[in-house]
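Down below is the structure, laid out as structure tokens.
The values are calculated or read from the model by the stated rules, or taken from the named source; none is laboratory data. As the structure is a computational prediction, the values presented were derived from the model and not from experiment. In this analysis, Cβ positions are derived from the backbone assuming ideal geometry, glycine residues included, and neighbour counts consider all displayed protein chains. Note: areas computed on protein heavy atoms with side chains; ligands, DNA, RNA excluded. Shrake-Rupley method; radii C 1.70, N 1.55, O 1.52, S 1.80 Å.
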Amino acid sequence: MTGAAGAEFRVWALAGLPEVRPGDDLAKLIASVSPELVDGDVLLVTSKIVSKAEGRVIAADDREEAIDAETVRVVARRGALRIVENRQGLVMAAAGVDASNTPAGTVLLLPVDPDASARAIREGLRDALGVDVGVVVTDTFGRPWRSGLTDVAIGAAGVRVLDDLRGGTDAHGNPLSATVVATADELAAAGDLVKGKTSGTPVAVVRGLAHVVAGDGEDGARALVRGAADDMFRLGTSEAVREAVTLRRTVREFTDEPVDPGGVRRAVAAAVTAPAPHHTTPWRFVLLESAESRTRLLDAMRDAWIADLRRDGRSEESIAKRVRRGDVLRNAPYLVVPCLVMDGSHHYGDARRDAAEREMFVVAAGAGVQNFLVALAGERLGSAWVSSTMFCREVVREALGLPESWDPMGAVAVGHAAAPPKDRPARQAGQFIEVR
């Protein structure tokens with residue numbers, strides 16, 4: 001085969017490996033059937049035999065229970081098929097739990113630490129044969145938007161798993177600004193061409209690409225896993241929507257990074273899909289995109305708040321503390337004031353029914369704001385819904401030039417979180433359910 005810049009390389013499967021059993025030394029087994037390995041070779045080792053050697057075979061009459069145990073979060077579900085993030089941080093079908101090529105009533109789990117497994121094989125071959133080789137532990141993945149399966153790297157040692165070409169130029173002199181090649185995945189796929197899925201040859205060798213073999217300090221395959229903050233496709237299915245709801249957390253400290261107005265508008269588009277009575281549209285979202293508009297509003301609200309606190313008999317020290325606690329709005333780079341409008345509401349001439357009518361509209365407004373907050377989380381924007389505008393609606397309407405019929409329903413501080421949210425105790429849904 002011919003590789004980059006015309007370099008030629010060979011890929012072949014190793015024949016003669018015996019059935020791997022728990023406790024086997026994989027490096028010694030590989031060395032026994034391939035004493036001709038040389039410095040710069042890359043071994044591509046199917047994760048299944050690594051799992052067997054490491055005793056990752058467990059009794060499991062119910063494979064679904066094993067998948068549950070290995071799952072960190074469900075990314076997507078269709079029928080019995082689940083795409084999940086597993087304990088190794090890999091997003092794949094069934095958490096990598098495999099019921100093939102293992103005795104009935106058992107399943108294979110992925111190695112606990114595939115990078116450590118690759119390092120152990122690399123060091124074992126160095127001891128057994130005196131060679132410096134790269135090792136890639138592979139597994140089979142499906143891919144979004146593409147049919148078919150391919151092998152990818154889930155563990156690596158002594159291999160440059162990523163080849164960062166940014167800062168260079170292409171053959172025409174154009175700058176490369178986003179090109180980072182997943183070298184370890186390309187090696188894994190090349191090995192799968194000769195290993196196959198049913199041939200019983202779980203190890204392949206690549207020779208002729210010594211430039212991808214590196215020292216012991218190289219990153220492992222974990223570096224190939226895209227972090228949540230950079231994953232544009234983390235959300236999308238019904239399970240992901242539920243995660244977005246969980247992801248929505250109150251953020252009170254923001255960075256100085258500007259907020260994308262387009263992201264806020266997309267969140268508003270999600271907000272106005274909320275249910276509402278009588279086919280009405282009881283929401284209006286006032287976007288305070290200029291520092292001047294935010295300052296004008298917050299100064300007017302502060303003055304009104306201080307006047308209220310003084311009427312309540314609060315001390316000046318107490319007032320100062322309370323005003324400081326309200327700085328979440330002032331410190332945010334972007335503010336949104338959601339408003340309730342009663343256009344289309346019914347008037348019954350009966351206090352009880354008219355009050356219920358307003359409550360329906362208030363509930364609809366809350367549903368819209370909840371949609372808005374969840375959608376902001378999907379845009380990777382932090383938010384805090386603060387009720388303060390509800391206590392001085394006249395002041396807010398005057399400061400922002402809003403119609404008398406618009407009722408501010410709090411204010412939403414929007415920005416990029418200065419720090420990850422703190423852990424909070426999980427709420428058990430059963431504690432909030434009554435069945436009749």
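A few remarks follow.
- Per-residue accessible area (protein heavy atoms, 1.4 Å probe) orders H278, H211, H347, H416 as H347, H211, H278, H416, starting from the largest.
- Shown are V396, V75, whose ranking by accessible area with a 1.4 Å probe and every protein chain present, most to least, is V75, V396.
- Cβ-derived FRET efficiency at R0 51 Å, M390 paired with R21, nearest 0.05: 0.15
- For the pair F233 and E64 in one chain, pulling the backbone fully straight at 0.36 nm per residue adds 58.3 nm over the alpha carbon distance.
- Cα-centre dipole for the range 343-436 with unit charges at Cβ (Lys and Arg positive, Asp and Glu negative), debye to 20: 500 debye
- Computed E for R87/A418 - FRET, C-beta separation, R0 35 angstrom, nearest 0.05: 0.75
- Exposure ranking of M232, M390, M342 by accessible area [1.4 Å probe, largest first]: M232, M390, M342
- Heavy-atom accessible surface of F254, to the nearest 10 Å², is about 30 Å², with a 1.4 Å probe and all protein chains retained.
- Note on the range 378-423: along the principal axes its Cα atoms extend 40, 19, 15 Å, ordered by decreasing extent.
- For the range 336-344, Karplus couplings with θ = phi - 60° (6.51, -1.76, 1.60), whole Hz, Gly/Pro x: 10, 10, x, 10, 9, 10, 9, 4, x
- Stretch gain in nm, segment S293-R330, where the contour uses 0.36 nm per residue and the Cα spacing is subtracted: 12.2 nm
- Considering only the chain, percent of DSSP beta bridges that pair antiparallel, nearest 5: 90 percent
- Sorted from longest to shortest, the spans of the Cα atoms of the chain along the three principal axes equal 90, 62, 44 Å.
- Near T106, the amide H atoms lying under 5 Å from its own belong to A60; only residues 5 or more places off or on other chains count, and H is placed 1.01 Å from N.
- Rolling a 1.4 Å probe over the protein chains gives S147 an accessible area of about 110 Å².
- Here the accessible area of the chain is 52 percent carbon and sulfur, with a 1.4 angstrom probe and all protein chains present.
- D62 exposes around 70 Å² of accessible area when a 1.4 Å probe is run over every protein chain in place.
- Value of Rg to Rh for the range 68-172 (Rh from inverse mean 1/r over Cα pairs, i.e. Kirkwood): 1.06
- Extension gain for the segment R322 to R352, taken as residue separation times 0.36 nm less the Cα-Cα distance, is 7.2 nm to one decimal.
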